[in-house]
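Colleague: Below: one structure in structure tokens.
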Number of protein chains: 6
Amino acid sequence: MKTAICPGSFDPVTMGHIDIIERAAALFDKLIVAVMHNSKKMSLFSTTERVEMLLLSLAHIPNTVVMYSDKLLADFIREVNADVAVKGLRAMSDFEQEFQMALINRRLNRQMDTVFLTAAEQHQYLSSSVVKEVARLGGCITGLVPVCVEERVLRKLCNTGGAL
Amino acid sequence: MKTAICPGSFDPVTMGHIDIIERAAALFDKLIVAVMHNSKKMSLFSTTERVEMLLLSLAHIPNTVVMYSDKLLADFIREVNADVAVKGLRAMSDFEQEFQMALINRRLNRQMDTVFLTAAEQHQYLSSSVVKEVARLGGCITGLVPVCVEERVLRKLCNTGGAL
Amino acid sequence: MKTAICPGSFDPVTMGHIDIIERAAALFDKLIVAVMHNSKKMSLFSTTERVEMLLLSLAHIPNTVVMYSDKLLADFIREVNADVAVKGLRAMSDFEQEFQMALINRRLNRQMDTVFLTAAEQHQYLSSSVVKEVARLGGCITGLVPVCVEERVLRKLCNTGGAL
Amino acid sequence: MKTAICPGSFDPVTMGHIDIIERAAALFDKLIVAVMHNSKKMSLFSTTERVEMLLLSLAHIPNTVVMYSDKLLADFIREVNADVAVKGLRAMSDFEQEFQMALINRRLNRQMDTVFLTAAEQHQYLSSSVVKEVARLGGCITGLVPVCVEERVLRKLCNTGGAL
Amino acid sequence: MKTAICPGSFDPVTMGHIDIIERAAALFDKLIVAVMHNSKKMSLFSTTERVEMLLLSLAHIPNTVVMYSDKLLADFIREVNADVAVKGLRAMSDFEQEFQMALINRRLNRQMDTVFLTAAEQHQYLSSSVVKEVARLGGCITGLVPVCVEERVLRKLCNTGGAL
Amino acid sequence: MKTAICPGSFDPVTMGHIDIIERAAALFDKLIVAVMHNSKKMSLFSTTERVEMLLLSLAHIPNTVVMYSDKLLADFIREVNADVAVKGLRAMSDFEQEFQMALINRRLNRQMDTVFLTAAEQHQYLSSSVVKEVARLGGCITGLVPVCVEERVLRKLCNTGGAL
């Protein structure tokens, strides 16, 4: 039985993330979707909100669990006994950074490997940042994120007077 | 009659921007140069200052107008009834980001298209950030920006005690 | 009135080319689609066949004409009095080569400029080579090329015993 | 139970391929290593020789089988009932080509997905072409390929009078 | 006699920097390792600390001196009468930025040239940021930095309660 | 005393090569310009012709010698007792290939290092292939190559009836 982990900040989860998660869940017996703490980026949504949106959005994929971690991925993967990390690649700039992360993670944990899936063609421009930027400037984000996320982004926008 | 729009933050306008604007103005009947609000970057010059420097620097190109917008480009282009956005590409890193922007803009506005011009060879290293960095460290920016911009950058430098 | 030229080898024309041509035809008053001779590549279809397939595939775009040239693009553009070349970019590797071509063309003809359009997301993997490779290995090319091209590729495949 | 396929021309198999195959075999229940016919490249070794070298080099990995195919990968994967293709990425240039292949393969076979592994740091410069070039110019290929491959490359070199 | 300069922020110096410095010191008669002020990045270590760590880490390379500068590199190189700047490249993203820096530096100082060395394969994922991130999340940085740097990073981590 | 080697096929030498050679000759005590045999590419000019054109074009740089080799660069550099190879980089695509070559060369010869210079901005689109393509299609190559090379390219063009 193989367990994979799909790490990210998911601030918020997009349709691009969900496509990668569905495909990863089809390849491995169990998939852990892990909200990773990122000290460098201020997040729009709290950890609890991000985990909640993932739970709502992934309810249709039975072999998936959602977790939170503030550890190094190389340590967390050992702790949860996962076999491999799964990352989605949208474009070249993603690729280089992810390539370096995969190498350093193997240096930190020789048992750990990373596999990459390529973003579906219709999601290649889609990221959490793009969603927040579009919403902030009054654009429509329907179809870019799950419905439950769309509602929460718009509510956040109301509460903060337009600052995301 | 075709109207193009050349969006940017122009903080400040450089000789590289002016080359792209001149070439775009030769290709389309009317060119709107649009100072776009960017919530992510603190600007050195105010909106009014950036528009003023563009007006002074573009006076020699008759079919050009300067505007300001704090909207999504995909919405602004619809509002001013433009046919196409024009962007300059200096290098690969520009390219990938612009590629994604062009795709998301078409998703937000099916009528909108983006064309790219390549920076002239002598401007491939030139950006507003480079100009500010060179000025801040006491380097000479003559020839990198129009004369009216050079004066304003140096004045700003005096007023802020060297912080740009 | 602005005339643009869309050069290529079109061996054969794909749905990706047609998308770029339609969008370019919407931006300029007249569009010349030019089958350029490429001494480095053996072509599958003769010049006459490639021009014919373009004529059939572009009949719905009134401001487009199809031509053939064995000259340098920088010279041909001068000869037909065009204002600008239009190229489609699918990916980074395209970009760098096209960037260099745009610079050398300006060196050879100071009046000549090149604008780039980005391939639609569903065409980013599509090229004449991919179409020929898929057909040769028995895959289905429906939807990748216009119907008239699909017929000709399959007929060529029969006539050559599978070698494309 | 998940079956993966690792396609390539393996002309000849290198230590870089073997590292990818070992890691892929650890992630999936069964791994098919498939020598794919490539009409564009003249191969140094015959199909039989390439399959034989793989069999010798992979004898230590029990859940691996070696096959040959002259079909489209998207069709072959359906035929052998595999769940996913696995490819190694050494560098950016690999990445872009593989990205496009992954997209076209999904277009040709909606059930097919591709995962990527990054080459180990010590194999990032290693390819079948590099091995052949080094051998041809009299350099030492020990450690770049398995011992059984090294012998065959050197023998081939003798037989052809140095032309590889 | 040729003098080279190796500029950086060295916050802190890593084994990757030391490899580049050793190789550069073998190519030129004298090597100045210059801690450059970077107004855009908050540094973890003070200038004095960074210079001290370099002095300790480079004691085994006789033709190397360590200096600090808050000038433009193009001016500093003139001041110290160096012939050339030396930079290490880890990956493509480095390359593009460094390429632009090399061009603008030649524009600012026609006498100045830049040479690049490629990072050793085992250091391609290694940067000062990676070291700080790994340490902050409780990972082990032994072997990524010199011993004297490792001690200082861990001490800094204790003093700041984990914030680096 | 440091000796550098600048390897290439120089088929023919361009103004871009000469700029790199002049700058390399200023950085090292002695520079060997080495015409390397490339079995993969058919050359337009014979070895003797390429060496002769280099001798004529580099006569103004006293510390330069021209040589020919059909060995592996890693072996040739050892034979001539050079300290380092120097390569010019025009663009990203160059970079990745050269990066891999630098790594494999260090694997083949631990004493060998490679330094890179960036092409001057006005030479970024210039290569031997571009020169031959422009000449073949009747374009003007004045200023792209030294005068003695221009004459030889045109003469070759006459003799071969336009095939280069």
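Colleague: Looking at this structure, is D:R136 open to solvent by 30 Å² or more (accessible area, probe 1.4 Å) and either within 30 Å of C:G143 (Cβ to Cβ) or small (G, A, S) (or both)?
Modeller: no
Residues checked against (1) at pLDDT below 95; (2) in contact with a helix residue (DSSP H, G or I) (Cβ under 8 Å, 6 or more places away or on another chain):
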site: C:M1; (1), (2): yes, no
site: C:A4; (1), (2): no, yes
site: C:G8; (1), (2): no, yes
site: C:I21; (1), (2): no, no
site: C:A25; (1), (2): no, no
site: C:L31; (1), (2): no, yes
site: C:A34; (1), (2): no, yes
site: C:S39; (1), (2): yes, yes
site: C:M42; (1), (2): yes, no
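Colleague: Next up: Can you tell me which residue among A:D113, A:D94 is touching a Lys or Arg at 6+ places or on another chain (Cβ under 6 Å) and not β-branched (V, I, T)?
Modeller: Result of the check over A:D113, A:D94: A:D113.
Colleague: Here is a further query. Which residue is nearest to the chain's Cα centre (by Cα), if the candidates are limited to the stretch B:10-29 and must be outside any helix (DSSP H, G or I) and surrounded by 16 or more Cβ atoms within 10 Å (Cβ to Cβ)?
Modeller: Ranking the qualifying residues of the stretch B:10-29, first place goes to B:F10.
Colleague: Shifting gears a bit: Among the residues of the stretch A:14-41, write down those that are under 23 Å from A:E79 (Cα atoms) and basic (K, R).
Modeller: A:K30
Colleague: Further question on the same structure: Would it be correct to say that B:T64 is closer than 15 Å to B:G8 by Cβ, polar (S, T, N, Q) and more than 14 Å from chain A (Cβ to nearest Cβ)?
Modeller: yes
Colleague: Anything in the stretch B:139-154 that is more than 10 Å from chain E (Cβ to nearest Cβ) and free of Cβ contacts under 8 Å to residues at least 60 places away in the same chain? List them, or say none.
Modeller: B:T142, B:V147, B:E150, B:E151, B:L154
Colleague: Something else about it: Kindly provide the set of residues from the stretch C:76-100 that are without any contact (Cβ under 8 Å) to a residue 40 or more places away in the chain and either under 21 Å from F:Q124 (Cα atoms) or in contact with a helix residue (DSSP H, G or I) (Cβ under 8 Å, 6 or more places away or on another chain) (or both), ordered by number.
Modeller: Across the stretch C:76-100, the qualifying residues are C:L89, C:A91, C:M92, C:S93, C:D94, C:F95, C:E96, C:Q97, C:E98, C:F99, C:Q100.
Colleague: Right, here's the next one. Go through (1) open to solvent by 10 Å² or more (accessible area, probe 1.4 Å); (2) touching a strand residue (DSSP E or B) at 6+ places or on another chain (Cβ under 7 Å) for D:N38 and report which single condition fails.
Modeller: All conditions pass for D:N38, except number (2).
Colleague: Out of the residues in the stretch E:109-124 that are crowded, with 20+ Cβ neighbours inside 10 Å and within 14 Å of chain B (Cβ to nearest Cβ), which is nearest to E:F76 (Cα to Cα)?
Modeller: E:M112
Colleague: Against the condition away from chain D (no Cβ under 11 Å), under 16 Å from the mean Cα position of the chain (by Cα), more than 18 Å from D:L137 (Cβ to Cβ) and open to solvent by 40 Å² or more (accessible area, probe 1.4 Å), how does F:T48 come out, does it pass?
Modeller: Judged against the criteria, F:T48 is a match.
Colleague: Within the stretch A:4-24, can you find the residues that are away from every other protein chain (no Cβ under 11 Å) and either touching an Asp or Glu at 6+ places or on another chain (Cβ under 7 Å) or over 15 Å from A:A119 (Cα atoms) (or both)?
Modeller: A:I5, A:P7, A:S9, A:F10, A:D11, A:P12, listed by residue number.
Colleague: Name the one entry in B:L157, B:L103 that is surrounded by fewer than 20 Cβ atoms within 10 Å (Cβ to Cβ) and free of Cβ contacts under 8 Å to residues at least 40 places away in the same chain.
Modeller: Details: B:L103 fails: surrounded by fewer than 20 Cβ atoms within 10 Å (Cβ to Cβ).
Result of the check over B:L157, B:L103: B:L157.
Colleague: Within the stretch B:81-96, is even one residue part of a helix (DSSP H, G or I) and either open to solvent by 50 Å² or more (accessible area, probe 1.4 Å) or of a type in the set (V, I, T) (or both)?
Modeller: Yes, that holds for at least one residue.
Colleague: So which residues in the stretch F:125-138 are facing another protein chain (nearest Cβ under 7 Å), closer than 29 Å to C:A91 by Cα and not in a helix (DSSP H, G or I), if there are any at all?
Modeller: Correct list: F:Y125, F:L137.
The values are calculated or read from the model by the stated rules, or taken from the named source; none is laboratory data. Note that the structure is predicted; figures quoted are calculated from it, not measured. Cβ coordinates were reconstructed from backbone atoms using ideal geometry, including for glycine residues, and neighbour counts include every protein chain displayed. The accessibility values were calculated without ligands, DNA or RNA, using every heavy atom of the protein model including side chains. Shrake-Rupley method; radii C 1.70, N 1.55, O 1.52, S 1.80 Å.
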